[in-house]
Amino acid sequence: MNEIEQCIMEIKIFGFTILDGVVSTEVANQMRESLIRCEQEVGTEHAHRGSARHVSNLPTLDPIFHQCIDHPRTLPILEHFLDKSMILGSLNSRIVRPGDDYQKLHSDIPATMLNMDSPVMMNTVWLLDDFSPTMGGTRVVPGSHLSGLVEPPPDFNVKHIVQPSAPAGSVIVFNGQCWHGGGANTSDRNRHALFGHYRKHMLLFQLDPHDGFPKEWFNNLTQRQKELMRMTHGQGLGAMHASDSHFN
């Protein structure tokens, strides 16, 4: 069984998989330094089921993040579950600081859109630091993607939680229905990660990559990146949200 087949099987059974060494430590460090700069310029306080710093719509902020959109190690896995017609719903970052507590376990798919046979969303977590429980690494609940629930029921004791330890440059890929949440950072430094969120083609963007995308970067995008961000036909920069777009 090759890597892609192994990862697909793990996602079907457990709801998630981990890919080591998707980008080199050097590239992960470069991304982290760029993310730190972006956070200082446009970062916001984030309180989505837990406190952290947040940087939105990374494709519009630095082209170093574009390689995450269609990376050959992750893309075939995502396409298996969402089809090649999928879109990049968003590429954001969540920075967990020392003292930030556990994020509440949740799925990223509304209850009305849960589908046990074919998820409508998949997520990738790009590790820009070495992840560990101490650093506040992402937690996932194996098998929860098949629960039919968007979060643990009240007073339910979630006994089986996995909090992967993995080096910078690794990627966690998981079914958007899988319960997950950031860990508590009890270390003395920030934990940096990127979150690439993919959706089936009939859905809108979570954050529209056309919004503020620098025109001068367009010709450096791969064809697949343009497809995933709906930038291959249509109306130009003014065509927001569900629209296809290209730059003249």
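The values are calculated or read from the model by the stated rules, or taken from the named source; none is laboratory data. Just so it is clear, the model here is predicted, and its values are computed rather than measured. Positions of Cβ are backbone-derived with ideal geometry, glycine not excepted, and every protein chain shown enters the neighbour counts.
If you go through segment 117-124 one residue at a time, do you hit one that is over 23 Å from Phe65 (Cα atoms), surrounded by 15 or more Cβ atoms within 10 Å (Cβ to Cβ) and of a type in the set (Asp, Glu)? I'd like the intermediate steps shown before the answer.
First, pick out the residues of segment 117-124 that are over 23 Å from Phe65 (Cα atoms): 117-120.
When the remaining residues are screened for being surrounded by 15 or more Cβ atoms within 10 Å (Cβ to Cβ), the result is 119-120.
Adding the requirement that they be of a type in the set (Asp, Glu) leaves none.
No: zero hits.
Here's a check for you: in segment 77-103, which residue that is under 22 Å from Phe205 (Cβ atoms) and basic (Lys, Arg) is surrounded by the most Cβ atoms within 10 Å (Cβ to Cβ)?
Applying the filter and picking the extreme gives Arg94.
So Val140 ticks every box in (1) modelled with pLDDT of 95 or more; (2) over 18 Å from Val173 (Cα atoms); (3) under 18 Å from the mean Cα position of the chain (by Cα) but one. Which box is left unticked?
All conditions pass for Val140, except number (2).
Of all residues in segment 177-198, count the ones that are outside any loop (DSSP other than H, G, I, E, B) and either touching a Gly at 6+ places or on another chain (Cβ under 8 Å) or free of Cβ contacts under 8 Å to residues at least 24 places away in the same chain (or both).
So in segment 177-198, the residues outside any loop (DSSP other than H, G, I, E, B) come out as 180-181, 191-198.
From what's left, either touching a Gly at 6+ places or on another chain (Cβ under 8 Å) or free of Cβ contacts under 8 Å to residues at least 24 places away in the same chain (or both): 181, 191, 197-198.
The number of residues fulfilling the criteria is 4.
Cβ-Cβ under 9 Å, sequence separation 6+ or interchain: first residue in segment 131-143 and over 19 Å from Arg189 (Cα atoms) and buried (at least 20 other Cβ atoms within 10 Å of the Cβ), partner of a type in the set (Ser, Thr, Tyr) and at pLDDT 95 or above. Which pairs?
Val141/Ser147
If I filter segment 188-226 down to residues being surrounded by 13 or more Cβ atoms within 10 Å (Cβ to Cβ) and among the small types (Gly, Ala, Ser), which single residue comes out as farthest from Arg53 (Cα to Cα)?
Gly196
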